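Accompanying notes for the structure given below.
The values are calculated or read from the model by the stated rules, or taken from the named source; none is laboratory data. This one's a predicted model, so the numbers in the text were calculated from it and none came from an experiment. Here the Cβ positions follow ideal geometry from the backbone for every residue, glycine too, while neighbour counts run over all protein chains shown. Heavy atoms of the whole protein, side chains included, go into the accessibility calculation; ligands, DNA and RNA do not. Shrake-Rupley method; radii C 1.70, N 1.55, O 1.52, S 1.80 Å.
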Amino acid sequence: MSIDKETARKVAKLARIAVPEDRLEPLAGEFNAILGFIEQLQEVDVEGVDPMVSVTPMRLKRRDDVVTDGSKQDAILANAPDAREGFFAVPKVVE
């Protein structure tokens, strides 16, 4: 696949990038270089290679997925302007 000057103009227009007329030909050359590199990457044999999510073999620490009540009700309600019976108290908004 090769990118010509007109295709480079169209890509620039779609990307809403103002490219001066004298820069379209070099831009097409850069696109072709990128596409050439991608074609090189596609030639690499990756058969049997597991996909990577990180370059280091680290796993994030995980905690047990246990349902709790948070055990912080008193600390949270201590910041409430009005708390009653273990809940936030708010003014009535519906009559």
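Just wondering, is there one or more residues in the range 27-45 that are of a type in the set (S, T, N, Q), in a loop (DSSP other than H, G, I, E, B) and either over 16 Å from residue 3 (Cβ atoms) or in contact with a Cys (Cβ under 8 Å, 6 or more places away or on another chain) (or both)?
As a first pass, look at the range 27-45 and keep what is of a type in the set (S, T, N, Q): 32, 40, 42.
Keeping just the survivors that are in a loop (DSSP other than H, G, I, E, B) gives none.
No, that holds for no residue.
Quick check, is residue 69 open to solvent by 100 Å² or more (accessible area, probe 1.4 Å) and of a type in the set (Asp, Glu)?
Details: open to solvent by 100 Å² or more (accessible area, probe 1.4 Å): yes; of a type in the set (Asp, Glu): yes.
Criteria met by residue 69.
Would you check if residue 49 is among the aliphatic types (A, V, I, L, M) and open to solvent by 100 Å² or more (accessible area, probe 1.4 Å)? So residue 49 fails the test.
Pull up the range 13-26, narrow it to residues that are under 24 Å from the mean Cα position of the chain (by Cα) and either at pLDDT below 95 or open to solvent by 60 Å² or more (accessible area, probe 1.4 Å) (or both), then point me to the one that is nearest to residue 3 (Cα to Cα).
Once the filter is applied, the top-ranked residue is 14.
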